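Peer 1: Following this message is one structure expressed as structure tokens.
The values are calculated or read from the model by the stated rules, or taken from the named source; none is laboratory data. Since the structure is predicted, the reported quantities are computational estimates derived from the model, not experimental observations. Virtual Cβ from ideal backbone geometry, glycine too; neighbours counted across all protein chains shown.
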Amino acid sequence: MNCLFTNINFGLLVIFNNDKPQVNTMIQENNEILDINFLNAQLVTIPNGEITLRDDRLKQIWTVEIKSFLLSKYAVTQALYFQVMQVCPSTFSGNNLPVETISWRDAIGFCNQLSSISDLNPCYIFNLDTDDYQFDNLANGYRLATEAEWEYACKAGTQGIRYADLDEIAWYKNNANGSTHPVGLKAPNAFGLYDMLGNVWEWCSDIYDETVYGSYRIIRGGGWCDEERGCMATNRRRSHPKSFKIDDLGFRIAKNL
């Protein structure tokens, strides 16, 4: 895949050396500039509160307190992923399309790399030989949202299965025409977050059910090829953290306050 990104609107500003401004918060890599301030401006402060989760398969309902945190307005784009990781894994191609065909392991690797570039402490520690993962919940780097954080942020104060009419807020089977779409084109929720439903499913940090599924991680939100019933704030699905990659699965970044 030929990747040349410039004049990116969402989540990444690429400026070439002959145009480089004198801003000390910009990180130069491979003759391009990642504007950290611009990236952080895309993070929305999610207020504290609580969320009640349910799993009909497990017949469980539980309530989680949410501490205020930061969450990106948009899913990670192909442009941002390429700038940080220097690879283009996606099936579809476009600067502002959400990156997809990403495993959970790929997503946390991106978070750690972006943290290092930003001179922050990585949130994830993992052993490549054993596939053991540890999460540092006190680290100041970038991370995935927990599923409780994700659902709380998705609902944005609403109580139903969706925060608005699906056609207004999401790309799904009835309107996506067989592909992902650039982030941020549909209406945001009350917190200012885009595409929380549809376009691509999003990895969360949590294990789904270790007793039954082992290390399988949770995915949320629904994707471009899902029916209407697949795009609900309450849907919980899961898959293998390392081997599962598909063209309707991506992620967005979160950060502790």
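Peer 1: Among the residues of the stretch 47-61, which ones are modelled with pLDDT of 80 or more and either exposed (fewer than 11 other Cβ atoms within 10 Å of the Cβ) or within 21 Å of residue 114 (Cα to Cα) (or both)?
Peer 2: 50, 59, 60, 61
Peer 1: If a residue has to be part of a helix (DSSP H, G or I), among the β-branched types (Val, Ile, Thr) and under 18 Å from residue 201 (Cβ atoms) to count, how many in the stretch 70-128 make the cut?
Peer 2: 1
Peer 1: On to the next question. With the requirement that a residue be outside any loop (DSSP other than H, G, I, E, B), among the charged types (D, E, K, R) and in contact (Cβ under 8 Å) with a residue 24 or more places away in the chain, what does the stretch 143-193 give you?
Peer 2: Passing the criteria: 143, 147, 149, 151, 155.
Peer 1: Got a number for residues in the stretch 83-128 being out of contact with any Ser or Thr (no Cβ under 9 Å at 6 or more places or on another chain) and among the β-branched types (Val, Ile, Thr)?
Peer 2: Final tally of qualifying residues: 4.
Peer 1: For the stretch 146-203: of the residues being among the aliphatic types (A, V, I, L, M) and touching a Cys at 6+ places or on another chain (Cβ under 8 Å), which is surrounded by the fewest Cβ atoms within 10 Å (Cβ to Cβ)?
Peer 2: Filtering the stretch 146-203 for residues that are among the aliphatic types (A, V, I, L, M) and touching a Cys at 6+ places or on another chain (Cβ under 8 Å), the one surrounded by the fewest Cβ atoms within 10 Å (Cβ to Cβ) comes out as 176.
Peer 1: Quick one: in the stretch 240-257, which of the residues that are among the small types (Gly, Ala, Ser) and in a strand (DSSP E or B) is nearest to the chain's Cα centre (by Cα)?
Peer 2: 250
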